Every structure is written in C-alpha cells, then in structure tokens.
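These notes concern the structure reproduced below.
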Amino acid sequence: MEIAAFLSDKAAAISVVEKKEFPFQNVLGSQVGGVVMKMLQNKGVKFYMKTKLSELKGRDGKVSQISSLPLQRFAACALAPFPAGVSPSSAFLKGTSIARNSSGAILVDLRMQTNIPNVFAAGDVVSFPVALLNGEQLSIHHQQVAEAHGHIAALNMLKKQKELHTVPFFWTTMLGESIRYAGCGEGYTDTVVKGSLEQLKFLIFYIKDGYVVAAASLNCDPMVSLIAEVLYSGKQISKEEAE
C-alpha cells in the first residue's frame with residue numbers, strides 16, 4: 001500500500017491486486033483496512049480485491065502485461081512491485097537439532113535461547129512466546145521487536161539471565177497520514193472504535209477474551225504509545241474500560 005501511495009501522484013494509473021477483501025486485513029482488520037483503501041481510492045488508485053495474480057508477460061526483462069484471477073484478462077503494465085511477504089531464512093539448519101516450526105521459524109524461549117543450550121536466535125527468523133497472547137508462540141516481523149530480541153539475546157549470551165519483556169509497536173505512513181499500532185491482535189474477536197473512521201481521526205481497540213490485546217490509531221497521538229505503556233506494565237484493559 002505504501003508503494004501505491006508513493007506513486008499516486010507520479011504514475012499515470014495504479015492498480016492494486018490483493019487476495020484479501022481489504023488492505024492490511026490480517027493485522028489492522030477490515031475497519032482500518034477500509035480506511036486505507038478509501039484514502040488511496042481518493043487518489044485514483046484502483047483496487048482488485050479477492051483477486052490473485054496469475055501471469056506476467058514482457059520482453060527483455062521488462063513487464064508489459066499482467067493477468068489476474070478471476071478476471072482472466074491481460075492489462076497493460078509498466079511496473080509490477082510484489083510485496084510477497086517473508087519466510088524464515090533457516091534452511092541452513094536442516095539436519096541439525098535446532099527446533100523449528102512448520103513455517104521454518106526457529107523456536108526460542110523468552111531468553112531467545114533455542115532448544116540447544118547456549119545457542120540463541122533473534123529477529124524475524126524466530127517464533128517466541130508472546131506475553132499478550134498468554135505465551136503463545138508467534139513470529140512478529142517488526143523492527144522494534146527484532147531490536148528487543150537482539151538486546152535480550154546479547155544479555156543472555158553474557159549470562160545475565162534476562163527475559164524478553166516488550167510490547168510490539170509499529171507504524172506506517174501514507175499520503176501524509178501515519179497509522180500507529182501497538183500490541184498483538186492475533187486472533188482478536190471484537191473491536192471498539194473511538195472517534196471517526198470516516199474523518200480519519202480514530203482510536204481502535206482490538207479485543208480478545210474480553211480484554212484489549214492491541215490498539216491502532218490515526219491522528220490521535222499519543223494514545224497508542226500510552227496504551228503500549230499500560231500493556232507493558234502488565235495491566236489489562238477490559239472491553240468495558242475501552243468503551
């Protein structure tokens with residue numbers, strides 16, 4: 001989405017092909033995803049949602065046409081960026097005793113230690129216990145989380161016996177607007193919205209089992225930072241308190 005936003009006043013036409021119904025749906029959900037879509041649509045970006053890329057055509061290393069499903073027709077295309085996501089670069093560990101999950105992520109504990117004593121891993125390549133999800137193992141691909149991992153791994157390499165204690169935090173900026181996010185909303189079942197999605201000024205709480213597990217905002221600083229501080233302290237915010 002950031003690429004589409006950057007090119008919105010530079011390219012003759014921009015189309016986004018996306019498998020989900022809304023942008024950022026996996027993390028920010030349909031409500032915030034819908035806000036992002038509307039922002040980009042207002043800049044002339046066209047969306048083809050619930051659609052999959054099926055074929056590219058070109059010559060001499062340059063793309064000229066693109067086709068997608070279920071449309072099954074080719075359209076002219078001069079540039080085709082692919083935000084393809086990430087997968088753990090851990091194939092080199094095949095045949096070793098270091099434990100990985102089905103996605104290839106290296107399993108670590110709160111000290112960033114693998115199942116092999118004194119062997120540590122950190123960053124996007126690991127799956128670690130997430131406190132906000134009651135210790136459920138998860139991979140979180142955020143710069144801030146990776147930095148926290150590296151800090152804790154280094155301390156434990158020095159025999160300091162420190163456990164990870166952090167609240168994931170990230171942001172994205174498009175068209176001069178910045179969306180902030182803190183927490184881990186994996187598996188959330190409900191939301192509470194304060195402010196107005198339509199007016200691009202809102203705070204949204206992501207609820208799981210009756211408590212806030214994450215929050216996102218637009219033009220409501222410093223609310224997400226304050227919520228991150230509360231979650232970091234170990235306190236819980238109930239759905240009723242969020243409302």
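Return the residues of segment 158-190 that are at pLDDT 95 or above, in contact with a strand residue (DSSP E or B) (Cβ under 7 Å, 6 or more places away or on another chain), loosely packed, with under 14 Cβ neighbours inside 10 Å and outside any strand (DSSP E or B); say none if nothing qualifies. If the condition is that a residue be at pLDDT 95 or above, in contact with a strand residue (DSSP E or B) (Cβ under 7 Å, 6 or more places away or on another chain), loosely packed, with under 14 Cβ neighbours inside 10 Å and outside any strand (DSSP E or B), then Thr189 is the only one that fits. Restricting attention to segment 157-183, the residues that are over 20 Å from the mean Cα position of the chain (by Cα), touching a residue at least 24 places away in the same chain (Cβ under 8 Å) and on the phi > 0 side of the Ramachandran plot total 1.
Of all residues in segment 126-150, those that are part of a loop (DSSP other than H, G, I, E, B) have Cβ atoms under 6 Å from Cβ atoms of residues that are modelled with pLDDT under 95 and surrounded by fewer than 16 Cβ atoms within 10 Å (Cβ to Cβ), 6 or more apart or on another chain, in His141/Val86. Ser97: of a type outside the set (Phe, Trp, Tyr), in contact (Cβ under 8 Å) with a residue 24 or more places away in the chain, open to solvent by 80 Å² or more (accessible area, probe 1.4 Å) and in a loop (DSSP other than H, G, I, E, B), yes or no? Taking the combined requirement at face value, the residue does not satisfy it. Please indicate, with yes or no, whether at least one residue in segment 9-21 is under 20 Å from the mean Cα position of the chain (by Cα), at pLDDT 95 or above and not in a helix (DSSP H, G or I). Yes, segment 9-21 contains at least one residue that is under 20 Å from the mean Cα position of the chain (by Cα), at pLDDT 95 or above and not in a helix (DSSP H, G or I). Taken over segment 115-132, the criterion of being within 18 Å of Ala91 (Cβ to Cβ), open to solvent by 10 Å² or more (accessible area, probe 1.4 Å) and either among the charged types (D, E, K, R) or touching a strand residue (DSSP E or B) at 6+ places or on another chain (Cβ under 6 Å) (or both) is satisfied by Ala121, Asp124, Val125. Against the criterion of being surrounded by 15 or more Cβ atoms within 10 Å (Cβ to Cβ) and in a strand (DSSP E or B), Ser64 does not qualify. Residues in segment 41-79 that are farther than 26 Å from Ser30 by Cβ and within 26 Å of the chain's Cα centre (by Cα): Leu79 alone. Filtering segment 191-225 to residues that are out of contact with any Phe, Trp or Tyr (no Cβ under 7 Å at 6 or more places or on another chain), over 20 Å from Leu132 (Cβ atoms) and open to solvent by less than 60 Å² (accessible area, probe 1.4 Å) leaves Leu197, Leu200, Phe202.
Restricting attention to segment 184-205, the residues that are touching a helix residue (DSSP H, G or I) at 6+ places or on another chain (Cβ under 8 Å) and at positive phi add up to 2. Summed over segment 11-61, the residues that are open to solvent by 70 Å² or more (accessible area, probe 1.4 Å) and free of Cβ contacts under 8 Å to residues at least 12 places away in the same chain give a count of 8.
The values are calculated or read from the model by the stated rules, or taken from the named source; none is laboratory data. Computed from a prediction, not measured in an experiment: that's the story for all the values here. When we count neighbours, we look across all protein chains shown, and the Cβ atoms used for this are built from the backbone with ideal geometry, even at glycine. Side chains included, ligands, DNA and RNA excluded: accessible areas come from the protein's heavy atoms. Shrake-Rupley method; radii C 1.70, N 1.55, O 1.52, S 1.80 Å.
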